[in-house]
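The values are calculated or read from the model by the stated rules, or taken from the named source; none is laboratory data. Because the structure is a prediction, the values reported are computed rather than measured. Methodologically, a virtual Cβ is constructed for each residue, glycine included, from the backbone with ideal geometry; neighbour enumeration extends over all protein chains shown.
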Amino acid sequence: MIFNSSRSMYNVLHNYLEFFEEESCGQCTPCRVGCQQLLKGIEAIKRGEQSHKYLNDLLRLAETMKLTAKCGLGQSVANSFSSIVENFREEMIY
Amino acid sequence: MSEKMINLVIDGKKAAVPEGTTLLEAAKIQNVKIPTLCHHEDLCIAGNCRVCVVEVDGWRVLPAACATPAMNRMKVYTNSPQVRRARKDVLALLVSEHSNQCTTCYRSTNCELQDLAAEYNIDNEIYINLLKKEDFVIDRSSWAIEKDNSKCIRCQRCVRTCTELQKVNALDVINKGADMKVTTFFDNPMNEVVCTTCGQCINRCPTGALTERRYIDEIWEAIGDPEKHVVVQTAPAVRVALGEMLGYEPGVRVTGKMVSALKHLGFDSVLDTDFAADLTIMEEAHELLDRLKRKLVDGEDIPIPMMTSCSPGWIKFIEHMYPDYLAHVSSCKSPQQMFGALAKTYYAERIGVDPKNIVSVSVMPCSAKKYEANRREMNDSGYQDIDLVCTTRELGHMIRQSGINFKEIKNSKFDKFMGESTGAGVIFGATGGVMEAALRTAYEVVTGREVPFDGLNIMPIRGLEGVREAKVKLENVLPEYSFLEGIELRVAIAHGLTNAFQVMEEIVIGDSPYHFIEIMACPSGCIGGGGQPIPTNEEIRKKRAEAIYTEDEKMQIRKSHENPEVIRLYKEFLGKPLGEVSHRLLHTKYTRRERA
């Protein structure tokens, strides 16, 4: 997917995660709780309530979601999350 | 071997399991325990907690062991770094949506989430706590069941219990994503929805989200009040399960120790619900014969089959679901309520205590009994017949609080007037027990001879199949029962409300061949009741049932009509079964209730 360089990747990710949190059916733990944690997590880091190291915990969580979620929705959250966080880490923090 | 075998490798060891075995079961055969939360042996597979994930060679994802069948040439790893990390993450996620106030939780030390969190060292809160203020509002509207959403981990065991085992559907899932939760119809309070209060959801809840409403403090207060004479009755199924709360294996009978412990707790009199069970049999067996006579001889339009009324969960079920068929239900009160009505009349008179100073406590394997005791009509003694009901679990807690060493305590006997029981009263605790006890008495009343089964054990109606049936031919009957000569008495037994539903549907379409049907709301009867120690599964319930039948065999008297205290009660107080006093104190009416 291609975004203009003027776009905030934090907002793009935030938008993605809001979508996933909303669209998760809520049945399995990794997707239901994981989506909420990823969204709340990047918000907390942005607000300075969590250290930037917390991003590493979230990356690991996204990986677990990819491996353990019951269906394709939960398994695919990590695709956008990991790609954006790994390539635009500074945008998540500042 | 006719069964097709599957060959696979689990943790480097070769295994051969029958086709259809799940990875969870296959690992168990190899002595490897895979942790589970949403999985329960009594329920269908859900695969939604994802705690049981394992690694399979060549698979892109980690499948849930509970929901994946073993396949040929599979290489499974149950303890790889990837699996351990995933399980720990999933547990940490569950902890983040669960109230972490373990010290103030009733289920603390008996909680599957707590156990796994300890096992996997979830020793700090990695993730942000997601609980909102409104999650902490506890629903205490029901007399029997408390619901605390802050402790729910959405495993849906309660939902599956209510749907599959009980067909009641009081609990279900609403919303999706972050808002998904387990709740009632329109999120209404528990006392306003169609809930039978059977408590089976409590027995299967892995955490403290569903618990019985507790009356431990009120009971201690009554015991401590010098003005009050506190009597306690204990149900038959309590004595074969209480041990599980106090360090014994399932299936150990602790009757004598339980009586000693209750005396130690400070109850003024320790009596036995089994006595009232014998009394119930006297009334119910005579009611059945009376119904048959009125139908066959007098030609009255009497509803047959007659159905038992001992299980308050079942009573609430039929009141909601089949209000047009309430006339089929025996008018006899349950043993608990018969006992309650007598405790504040007959018993009070015998010991010379003003009934207003009697506090009647009952220890039940049941949460629905809490509801039953609070039914508006249950005050025929002039007072509320039963004041406080506690479950087997609550009694276990009280005994622990009292500090006595339960394992070392000596056996004692129940107190006088309403403490004597027979084997027939004891087996009330298992499915089929009421029927067996009733047949032992009814057959003898009609023919003057014992039931024609070896050692009084009516084996065809024992067991744990959902619906069972039996026939007893009545021959050479006594002259006053000549209308029953040659009749084959047909009986059926159902336990679990899904099975009750099946039996009811036969009656609705007018196709029920039976004369008498026993129904218990809970799977396996009272031994699997909603107030019994947690965990529960078929193996545990089988052990409790065996213990019940052993208790019966060890009894000197095994027929209700031979209980000396029951005989004395009829002689001195009640007159005869179905008599005027019996009718006033021991029989009741039912209420039509809404279906939604």
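Here is how the numbers come out for the structure above:
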{"quantity": "The range A:45-59 - residue that is surrounded by fewer than 16 Cβ atoms within 10 Å (Cβ to Cβ) and not in a loop (DSSP other than H, G, I, E, B) and, of those, nearest to the chain's Cα centre (by Cα)", "calculated": "A:N56"}
{"quantity": "Residue list for the range A:20-52, filter: over 28 Å from B:H39 (Cα atoms), within 12 Å of chain B (Cβ to nearest Cβ) and out of contact with any Asp or Glu (no Cβ under 6 Å at 6 or more places or on another chain)", "calculated": "A:K40, A:G41, A:I42, A:E43, A:A44, A:I45, A:R47, A:E49, A:Q50"}
{"quantity": "Qualifying residue in the range B:80-94 (condition: crowded, with 18+ Cβ neighbours inside 10 Å, within 26 Å of B:E212 (Cα to Cα) and among the basic types (K, R))", "calculated": "no"}
{"quantity": "Residues being more than 21 Å from A:C25 (Cβ to Cβ), more than 11 Å from chain A (Cβ to nearest Cβ) and within 39 Å of the chain's Cα centre (by Cα) - total across the range B:44-83", "calculated": "8"}
{"quantity": "Qualifying residue in the range A:74-90 (condition: touching a helix residue (DSSP H, G or I) at 6+ places or on another chain (Cβ under 6 Å), in a helix (DSSP H, G or I) and within 11 Å of chain B (Cβ to nearest Cβ))", "calculated": "yes"}
{"quantity": "Residue, farthest from B:F275 (Cα to Cα), within the range B:178-233, restricted to residues that are more than 14 Å from every other protein chain (Cβ to nearest Cβ) and acidic (D, E)", "calculated": "B:D187"}
{"quantity": "Residue match in the range B:114-130 (condition: within 29 Å of B:G396 (Cα to Cα) and touching a Pro at 6+ places or on another chain (Cβ under 6 Å))", "calculated": "yes"}
{"quantity": "In the range A:1-19, residue surrounded by the fewest Cβ atoms within 10 Å (Cβ to Cβ) [restricted to those that are out of contact with any Phe, Trp or Tyr (no Cβ under 9 Å at 6 or more places or on another chain) and within 14 Å of chain B (Cβ to nearest Cβ)]", "calculated": "A:E18"}
{"quantity": "When residues of the range B:84-99 are limited to those that are farther than 15 Å from A:D57 by Cα and either assigned to a helix (DSSP H, G or I) or among the basic types (K, R) (or both), the one farthest from the other protein chains (Cβ to nearest Cβ)", "calculated": "B:R84"}
{"quantity": "Of all residues making up the range B:263-282, the number that are part of a helix (DSSP H, G or I), surrounded by fewer than 24 Cβ atoms within 10 Å (Cβ to Cβ) and not basic (K, R)", "calculated": "2"}
{"quantity": "Matching entry among B:E134, B:E164, B:E146 (being in contact with a strand residue (DSSP E or B) (Cβ under 6 Å, 6 or more places away or on another chain) and outside any loop (DSSP other than H, G, I, E, B))", "calculated": "B:E146"}
{"quantity": "Unique residue being of a type in the set (F, W, Y), farther than 30 Å from B:D57 by Cβ and touching a residue at least 60 places away in the same chain (Cβ under 8 Å) when the list is A:Y54, A:Y10", "calculated": "A:Y10"}
{"quantity": "The one condition in (1) farther than 30 Å from B:I45 by Cβ; (2) within 13 Å of chain B (Cβ to nearest Cβ); (3) touching a Lys or Arg at 6+ places or on another chain (Cβ under 9 Å) that A:T64 fails to fulfil", "calculated": "(1)"}
{"quantity": "Filter pass, B:V503 being part of a strand (DSSP E or B) and either surrounded by 21 or more Cβ atoms within 10 Å (Cβ to Cβ) or of a type in the set (G, A, S) (or both)", "calculated": "no"}
{"quantity": "Qualifying position, being among the aromatic types (F, W, Y), surrounded by 24 or more Cβ atoms within 10 Å (Cβ to Cβ), more than 25 Å from B:I527 (Cα to Cα) and at pLDDT 95 or above, among B:Y347, B:Y371", "calculated": "B:Y347"}
{"quantity": "Options B:A70, B:A92: the member that is closer than 30 Å to B:P533 by Cβ and among the aliphatic types (A, V, I, L, M)", "calculated": "B:A92"}
